[in-house]
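The values are calculated or read from the model by the stated rules, or taken from the named source; none is laboratory data. Worth saying up front: this structure is predicted, and the values here are computed from it rather than measured. Cβ: placed from backbone, ideal geometry, glycine included. Neighbour counts: every protein chain shown. Accessible surface areas use protein heavy atoms only, side chains included; no ligands, DNA or RNA. Shrake-Rupley method; radii C 1.70, N 1.55, O 1.52, S 1.80 Å.
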Amino acid sequence: MTEHHARDLAVQILYAVDEEGAYTNLELDKALFSCELSAEDKGLVTELVYGTVTYRDHLDYVLANYSNKPLKKLDSYTHQILRMALYQLIFLDRIPDHAVVSEAVNTAKRLQGKHQQADKFINAILRNYLKDDQPVKWPDKRKNAAGYLAKYYSFPQWIVDTWLKEYGKAGAEALCQYMNARPPLLARVNTLQIQPDALIQKLAREGVRADRLDRVPEGLALYNPGGLRQLQSFQAGDFIIQDASSMLVAHALDPSPGEYIADLCAAPGGKTTHIAALMKDQGRIDAFDLHPHRVQLIRENMDRLGISIIQPQVQDAQAMEAQGLYDRVLVDAPCSGLGVLNRRPDARWQRRRQQLPDLVHLQAAILDKAAAALKLGGTLLYSTCTTLRAENEDQCQHFLDRHPDFKPDSLPDLLTPYQVEEGKHICRIIPQRDQMDGFFIAKFRKVGQDD
Ligand SMILES: C[S@@+](CC[C@H](N)C(=O)[O-])C[C@H]1O[C@@H](n2cnc3c(N)ncnc32)[C@H](O)[C@@H]1O
């Protein structure tokens, strides 16, 4: 296959994401697995798809200046081809402009033989854009920061509005920039098997450079690892891919060997397997999740990492019946995920403000079951990967209001850099400040009614 076909494939993936609601990463994996493109062309497809999906609204804002038809009336293939070409013209330096235009026209001819004139329309729009020497007029950044951030950085307006309220103009802009950049590749060393410095040396022998993270003892940054799953160290279970924020959650729970722990929303098991490592694989962890195919991922991870104390089970956490059983319970709740929008380019377009009430309700129901399942004196840890107060601080305050038998509990020193002023039991990991996924962590202790 040639580079031309790489572009055709990219347009077909963009179509599936936009028109059929496919997940970008899964659609890409599926398409790249079954095609015969070179590694370089696969890289190009990935870059074009990720960039075009991420910058969708930025690209449409520019396109609307040059199209005599409303964009909504374009057929989807024409629209995807135009967005993808414009993404290359605006954001990529290495492909000459004339090549971008002729590739777009040829892709249209190949994919849309039946849609007469689409190639001519695409050619005219792209040439008009290239001829125009006036810069695009974006919404005024000072008078209409919300409009500017949403269009320029390509986010739904409601997300930008909440970030502006939370972090102000400069903070919200820095957060938009963070979420548009590719996340670093981080790994957690499986300390049941190997220590970080030994793994760094082992990875070096496999041709991968790795450095230790400052903030999490078992965290590594990996550089240019190529086919990660083919590495002997990966197959041997020496590490798991996980972000630093996520690693902080198991440390916040602070488990000890021999304890009985429940992880109520556990799949695919990143935090469960970390908790097991901190327990030296001694004791027991019940790892629940609603979805059978995701529970299977917990099994695969524990098997690869050589862990024996995890009991994975399909279980709706809202329907748990356990009472007074566990020393510690983790609720790593299903949430709006606004702290990790950089990990899936289509996620920002799929989240809806209207989903929030149901999520908040689900989180509260799971927290109530967690509260009942704990022993007296037990620890409850609540975490989310979102930046929204309704799912974080407000959720926790309502929990304390409903459960006078619980008190805030202080977090270990490792978490101190992220503690909020209001209380030592709450941490906010702020991506643009901490250069990690956006997370919220809160800790409580079951003290009983009379305390
Ligand atoms: C944030 S993810 C968990 C990530 C996981 N803790 C890890 O570190 O790998 C939230 C999980 O909650 C699960 N979930 C959603 N609703 C649930 C419910 N009612 N009961 C149990 N699990 C649920 C989802 O399937 C998803 O796997």
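Send over a whole-number figure in Å² for the accessible area per residue of the chain, probe 1.4 Å. Please list the in-between numbers first.
Working: 20510 Å² over 451 residues.
The answer is 45 Å² per residue.
Checking the a/c ratio against 1.5 first, then a/b against b/c, what shape does the Cα gyration tensor give for the chain?
In terms of gyration-tensor shape, prolate.
Using the alpha-carbon atoms, what tilt in degrees (0 to 90, nearest 10) does helix 196-205 show relative to the longest principal axis of the chain?
With rounding to tens, the tilt is 40 degrees.
Between residue 130 and residue 449, what's the calculated FRET efficiency when r is the beta-carbon distance and R0 is 56 Å? Round to 0.05. Walk me through the numbers before you get to the answer.
Working: r = 72 Å, r/R0 = 1.29.
Using R0 = 56 Å, I get an efficiency of 0.20.
Can you give me the Cα centroid spacing of region 44-104 and region 232-249 in angstrom?
Region 44-104 and region 232-249 have Cα centres separated by 36 Å.
Where does region 3-131 land on the Kirkwood hydrodynamic radius, alpha-carbon pairs, in angstrom? List each step's numbers first, then the result.
Values: mean 1/r = 0.0687 Å⁻¹.
It is 14.6 Å.
Work out, step by step, the length gained on full extension between residue 40 and residue 137: first 0.36 nm times the residue separation, then minus their alpha carbon distance; give nm to one decimal.
Numbers: separation 97, 0.36 × 97 = 34.92 nm, distance 3.54 nm.
31.4 nm is the gain from fully extending residue 40 to residue 137.
Which shape class, rounded, prolate or oblate, goes with region 185-240 when its Cα gyration tensor gives a ≥ b ≥ c as root eigenvalues, a/c under 1.5 marks rounded, and past that a/b bigger than b/c marks prolate?
Since a/c reaches 1.5 but b/c is at least a/b, the shape of region 185-240 is classed as oblate.
Between their Cα atoms, which of 369/443; 271/424; 141/165; 73/169 are more than 25 Å away from each other?
Beyond 25 Å: 73/169.
Report the Cα centroid-to-centroid distance between region 393-415 and region 272-302 in angstrom, as an integer.
Value for the Cα centre distance between the two parts: 25 Å.
For region 1-107, run through the GluC sites (Glu not before Pro) and keep only the ones in DSSP coil with at most 15 other Cβ atoms within 10 Å of their Cβ. Before the final figure, lay out each step's value.
Values: sites: 3, 19, 20, 27, 36, 40, 47, 103; in loops: 36.
Here the sparse-neighbourhood loop sites are 36.
Give the separation of the Cα centroids, region 307-332 to region 333-377, in Å.
17
Helix-only mean residue ellipticity at 222 nm, the chain, DSSP H runs n ≥ 4 weighted -39,500 (n - 2.57), per residue, nearest 500. What is it?
Values: 18 runs with 214 residues, N = 451.
One gets -14500 deg cm²/dmol as the mean residue ellipticity at 222 nm.
How big is the accessible area of residue 66 in square angstrom, nearest 10, if you roll a 1.4 angstrom probe over the protein chains?
Probe radius 1.4 Å; accessible area of residue 66 about 40 Å².
Tell me, what is the percent relative contact order of the chain, built from C-alpha pairs under 8 Å that lie six or more residues apart? Don't skip to the end; give the middle numbers.
Numbers: 767 pairs, mean separation 50.6, N = 451.
Here the relative contact order equals 11 percent.
Return the carbon/sulfur percentage of the accessible area of region 169-252, one whole number, probe 1.4 Å, all protein chains in place.
Values: 1850 of 3720 Å².
Answer for region 169-252: carbon and sulfur cover 50 percent of the accessible area.
Angle between the Cα long axis of helix 24-33 and the longest principal axis of the chain, 0 to 90 degrees, nearest 10?
That works out to roughly 70 degrees.
Going by alpha carbons, how many degrees (0 to 90, nearest 10) lie between the helix axis of 292-305 and the longest principal axis of the chain?
70
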